[in-house]
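The values are calculated or read from the model by the stated rules, or taken from the named source; none is laboratory data. These numbers come from a predicted model, not from an experiment. Note that we place each Cβ from the backbone using ideal geometry, even for glycine, and neighbour counts take in every protein chain shown. Each accessible area value is taken on the protein alone, full model and side chains, heavy atoms only, with ligands, DNA and RNA left out. Shrake-Rupley method; radii C 1.70, N 1.55, O 1.52, S 1.80 Å.
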Amino acid sequence: MPDTVTLKIKRQDSETSDSYWETFTIPYIPRSNVISCLMDIQANPVNAKGEEVTPVVWESNCLEEVCGACTMVINGKVHQSCSALVDQLEKPISLEPMSKFPVVRDLAVDRARMFGALKKVQAWVTADGYHDLGPGERESTSHQEVAYKLSECMTCGCCVEACPQYSLSNNFLGAAAISQSRLFNMHPTAKNIADERLDTLMQKGGIADCGNAQNCVEACPKSIPLTESIAEMGRQVSGKFWRNIFQA
Amino acid sequence: MFFAEWCFMDSHFLTRRIHSLTGVVPVGLFLVYHLYLQLYLHSGAETYNNSVNSFYDSPLAIWALVIVVYIPLFFHAFLGIHLIFETTVQPSYTYFSHLLYWLQRISGIGVLLFIIAHVWNAQLGPWMAGTWGTHFEHLSSGFSNPESGMITKTVYLFGVLGAVFHFANGLNTFCMTWGIALTPKSQIRIRIFSILLFLILSASSLYALAAIW
Ligand code: HEM
Ligand code: SF4
Ligand code: SF4
Ligand code: FES
């Protein structure tokens, strides 16, 4: 076993400044993960040249791969840093912020665009008023199985980071929001605005911007069947496509 | 765009859907028909020439060709090139589908170059030279030309296989775009189907080319 671990970190001091690489060497701890390495650097922010530097900034919350906050590009591939185990990673470990979002500082990015996409597709259950609407519709087990899987999305950004069609310069909604529109279009109450969600998906930046590269489904840490969701929403907008031409 | 509004749709969505549709009908179907026709290369010069020329007997042939093939193809190619410029290159994600995604784009450019060369070589060139009608002789002499024959053959080989790949793989993604194949299982079925289609069309066009090789 090695005594130390080397990390190459792509850093950026502010939203507008240029990025630069900095190397850190820290003591090796068995079964540690990338976040614990970052914590070590935070406790003793000295780079490999022995210079004292500002601690590396990153985001994290749950530390168990359910919140999505700690997502970054590790050895060239996007993943949650809390569940990226040092023992399983090739060394030296390279850490970069996600490239599809504006960098706030170092490894912390602003994923506002993803949450904006959820707002655009109205990824919520619509209920009007406060009066008692009675019990909701019963859902079948098969329905639950599909919906539960889709509901595991943590808006982490892996899918859009890996997507060749999603870039800083366009406004593609991305696979996560498309998949969430499927979840809410199948919900017994939320489906009352299903058509509005389809309208959003049929605008610029909508589902037509997907190029079927299928990287999203490979990159999703929650194994959400994203290409199935894209195909399902493709089917729903196809229906609307013909309805618009022949019935609207 | 007026046309899109008239269809109650966002023009961006509409153009993408027309792009997808034109790839299959009519351009894809024409490709299959066109490759089928080439099997007549094995039936000798007269039969082959007749089978090609009989299409042009109709006074509407040229119009049909322009409306059914050239305009949709031009639209598909034009938007296709535009789409290629919109993608991000991400080589660290080495998945098979991602490879196909890039092969679809590269073969698209290759097919465009091939079609330009092919239309010049087989259609416009003979027309302007006044030798239109003797297709078999024109093709086989081009292939057996001691100086440029090898280049012509290579261009045809890669052009045809590229077009077949682009069509077969495009049919695969077409089924995702339109939501025809939903589940991962059905997407695998469609993938197997498009691989078979690729093999069958490749074999058929290689067999056709062998007649004049
Ligand atoms: C032989 C002629 C051609 C045929 C039969 C054909 C057929 C197709 C088909 C069926 C698709 C799939 C559409 C979908 O996924 O919904 C496609 C996609 C595509 N084609 Fe073509 N095509 C041809 C020529 C070209 C040319 C000349 C170009 C331009 C250089 C081109 C560029 C593209 C691109 C970039 C895509 C991917 C679009 C996307 O996934 O968003 N194609 N083609
Ligand atoms: S779909 Fe998967 S990869 Fe995309 S944001 Fe949700 S959990 Fe992350
Ligand atoms: S299928 Fe490809 S292009 Fe479409 S959202 Fe997923 S990664 Fe992006
Ligand atoms: S800290 Fe929540 S996913 Fe890593």
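Computing FRET efficiency as 1/(1 + (r/R0)^6) for B:Ile200 and B:Phe96, where r is the C-beta to C-beta distance and R0 is 22 Å, gives about 0.55. Averaging 1/r over each pair of different alpha-carbon atoms in segment A:4-109 and inverting the result gives 13.7 Å, the Kirkwood hydrodynamic radius. Set the Förster radius R0 to 35 Å, insert the Cβ-Cβ distance between B:Glu46 and B:Tyr70 as r into 1/(1 + (r/R0)^6), and round the FRET efficiency to 0.05. Efficiency for this residue pair is about 0.80. Its DSSP H runs of at least 4 residues, each contributing -39,500 (n - 2.57), put the calculated 222 nm mean residue ellipticity of chain A at -9500 deg cm²/dmol, to the nearest 500. Accessible surface buried by the B/A pair amounts to about 3300 Å², both sides summed, 1.4 Å probe.
Contact with the other protein chains removes 50 Å² or more of accessible area, compared with the isolated chain and a 1.4 Å probe, from these residues of segment A:62-91: A:Lys77.
Over the residues of chain B, the helix contribution to mean residue ellipticity at 222 nm works out to -23500 deg cm²/dmol, using -39500 (n - 2.57) for each DSSP H run of at least 4. Were the residues from B:Leu103 through B:Glu86 laid out at 0.36 nm apart, the gain over their Cα-Cα distance would be 4.6 nm.
Residues whose amide H comes within less than 5 Å of that of A:Val109, counting only those at least five positions distant or on another chain, are A:Val104 (H built at 1.01 Å from N in the peptide plane).
Figure note: B:Phe198, B:Phe3 ranked by solvent-accessible area, largest first, 1.4 Å probe, ligands and nucleic acids not counted: B:Phe3, B:Phe198. Projecting label points 7 angstrom from Cα along Cα→Cβ for A:Asp3 and A:Ala147 puts them 5.8 nm apart. The packing ranking, built from the mean of other Cβ atoms within 10 Å per residue, places the peptides A:52-61, B:171-180 in the order B:171-180, A:52-61, highest first. Residues whose amide H comes within less than 5 Å of that of A:Ser94, counting only those at least five positions distant or on another chain, are A:Lys8, A:Asn75 (H built at 1.01 Å from N in the peptide plane). Across segment A:37-51, coupling constants 3J(HN,Hα) worked out from phi with the 6.51/-1.76/1.60 Karplus curve, θ = phi - 60°, read 5, 5, 5, 4, 5, 4, 5, 9, x, 10, 7, 5, 7, x, 8 Hz, and Gly and Pro carry x. Between 0 and 90 degrees, the angle of helix B:71-84 with respect to the longest Cα principal axis of chain B falls at about 50 degrees. The calculated pair-distance distribution of segment B:89-213 uses every alpha carbon pair, bins of 5 angstrom beginning at 0, and gives 2, 10, 15, 18, 17, 12, 9, 7, 6, 3, 1 percent.
Can you tell me the FRET efficiency between A:Lys77 and B:Tyr207 if r is taken as the Cβ-Cβ distance and R0 is 60 Å, rounded to the nearest 0.05? E between A:Lys77 and B:Tyr207, to the nearest 0.05, is 0.90. Short-range pairs are left out: with C-alpha atoms under 8 Å and at least six residues apart, the relative contact order of chain B is 29 percent. As an equivalent ellipsoid, the protein assembly as shown spans semi-axes of 50, 31, 18 angstrom, where each value is the square root of five times an eigenvalue of the C-alpha gyration tensor, largest first. Here the accessible area is traced with a 1.4 Å probe on the protein chains. For chain A, carbon and sulfur cover 51 percent of it. For trypsin sites (Lys or Arg not before Pro), no site in segment B:141-208 is both called loop by DSSP and has at most 12 other Cβ atoms within 10 Å.
Computed on chain A, the Cα convex hull volume stands at 161 Å³ per residue. Taken one residue at a time, the phi angles of segment B:170-180 give Karplus couplings (6.51, -1.76, 1.60, θ = phi - 60°) of x, 4, 4, 6, 4, 5, 7, 4, 8, x, 7 Hz. Gly and Pro are set to x. Between 0 and 90 degrees, the angle of helix A:226-246 with respect to the longest Cα principal axis of chain A falls at about 30 degrees.
Surface listing: B:Trp132, B:Trp63, A:Trp242 arranged by accessible area from highest to lowest gives B:Trp63, A:Trp242, B:Trp132, probe 1.4 Å. What the phi angles of segment A:6-21 give under the Karplus curve with 6.51, -1.76 and 1.60, with θ = phi - 60°, is a coupling list of 9, 10, 9, 10, 8, 10, 8, 6, 8, 4, 9, 6, 6, 8, 8, 9 Hz, glycine and proline written as x. A 1.4 Å probe over all protein chains sorts A:Asp13, A:Asp128, A:Asp106 by accessible area into A:Asp128, A:Asp13, A:Asp106, starting with the largest.
Taking a ≥ b ≥ c as the square roots of the eigenvalues of the Cα gyration tensor, segment A:140-232 is classed as oblate, since a/c reaches at least 1.5 and a/b does not exceed b/c.
Kirkwood radius and radius of gyration were both taken over the C-alpha atoms of chain B, and their ratio Rg/Rh is 1.00. For chain B, the longest principal axis of the alpha carbon atoms and the long axis of helix B:45-56 meet at an angle near 50°. Placing dummy labels 7 Å off each Cα toward the beta-carbon, the span from B:Ser58 to B:Ser186 is 3.4 nm.
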